[in-house]
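Below: one structure, written as structure tokens.
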């Protein structure tokens, strides 16, 4: 597969599919690790005197975070045009000089983006103006969208530095059988990873594993009612489950053991005894893969489980952690020593579970 080292980009117009999907709070796009990761590829292309056209997305149509990319361009300090394949966008692409970067509008505002082929106006218009396609968005490589699989069919192509870094680390992870720490709020994504590895469960996933064993939490069962049944008892072999939890009582953290349930309090973190037990298991492992946070890390009181587990993981011989919330936690907590922090969630899980990624296949 070709990389940025494969081409002489000087004077070439490059179409860069970047990973721009970011947290949006009260309408404000926040700087995050994904944007920082793309910056490295864009900076290299600028230094190589390419004319760079950036495409990407923010949110999904109909959702609250589906918005313009104007703020993203401002955060990356590059020029923005509120157009994709119209006259205004094509004229601005024509004006680009060597070493300049231009970001187009949210590509998901076009229906052509969801067609996933090269026979549509999105591809036809931009391939006339651009010579090389660069995919630097690992997080969408599992999606059969036009910006991921359409352009590589009709253009010279390669991967950017973020995508290259992801694939190198994950190939190394797949070669060995290590310890998995599975958490997060999307338990269905974890099911395909239960293939004989020893698993430490936490977060919503850990709670659903206990419910699958017949455990009743009380208030938490009501909170999880739509997800109960996702985890089956037959899948629980080699899965360790929490033995206590941190709950919120009058705004403060309180530890409850399993025998203290059912309880009227909702769970926000794994408890201190579970932390000790899991850290002990992590110390025995040479290779660790962690997905998702152990608790509600937006509140420092309930980020204890995530922080202590990450500190232990960082001391392992080889470690990969991933998922949007977890990568943000690594940055926020200033954890050092982890071999690779993946910026993806769904794509990461599909790759680790053995599925082929259409976006990566398109680059071969």
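If the chain linking residue 177 and residue 301 were pulled fully straight, counting 0.36 nm for each residue of separation and taking away their Cα-Cα distance, it would gain 41.3 nm. Once the Cβ-Cβ distance of residue 87 and residue 280 is raised to the sixth power relative to R0 = 56 Å, the FRET efficiency obtained is 0.30.
What angle, in degrees between 0 and 90 and rounded to the nearest 10, separates the Cα long axis of helix 272-284 from the longest principal axis of the Cα atoms of the chain? Its long axis makes an angle of about 60 degrees. Classify region 4-164 as rounded, prolate or oblate from the Cα gyration tensor: take a ≥ b ≥ c as the square roots of its eigenvalues, call it rounded if a/c is under 1.5, otherwise prolate when a/b beats b/c and oblate if not. Cα axes put region 4-164 in the rounded bin. Note on the chain: GNM, Cα springs under 10 Å; of 177, 95, 40, the largest mean-square fluctuation is that of 95. The value of relative contact order for the chain, using C-alpha pairs under 8 Å at least six residues apart, is 16 percent. Using a simple spin-label model with pseudo-atoms 7 Å out from Cα toward Cβ, residue 100 and residue 75 lie 2.5 nm apart. Look at the Cα gyration tensor of region 239-333: its axes a ≥ b ≥ c give a/c of at least 1.5 with a/b at or below b/c, and that counts as oblate. Here the extension length gained between residue 3 and residue 254 equals 85.3 nm, from 0.36 nm per residue of separation less the Cα-Cα distance. Estimated at 0.36 nm per residue, the fully extended path between residue 336 and residue 198 surpasses their Cα-Cα distance by 47.2 nm. Pop the C-beta distance of residue 31 and residue 156 into the FRET formula with R0 = 30 Å and round what comes out to the nearest 0.05. About 0.40, to the nearest 0.05.
Label-to-label distance, residue 219 versus residue 10, with points set 7 angstrom from Cα along the beta-carbon direction: 6.7 nm. Evaluate E = 1/(1 + (r/R0)^6) for residue 49 and residue 114, where r is the Cβ-Cβ distance and R0 equals 22 Å; express this FRET efficiency to the nearest 0.05. Efficiency at R0 = 22 Å is approximately 0.05. With N counted as the residues of region 122-187, its alpha-carbon radius of gyration over 2.2 N^0.38 Å works out to 1.46.
Taking every DSSP bridge with both residues inside the chain, close to 25 percent are antiparallel. When a/c is below 1.5 the answer is rounded, else prolate if a/b is larger than b/c, else oblate, so apply that to region 110-149 with a ≥ b ≥ c taken from the square roots of the Cα gyration tensor eigenvalues. It is oblate, given that a/c is not under 1.5 and a/b is not larger than b/c.
Relative to the longest principal axis of the Cα atoms of the chain, helix 33-47 runs at roughly 30 degrees.
We did not get these values from a lab; they are worked out from the coordinates using the rules stated. Quick caveat: nothing in here was measured; it's all calculated off a predicted structure. Here the Cβ is made from the backbone with ideal geometry for all residues, glycine too, and neighbour counts use every protein chain on show.
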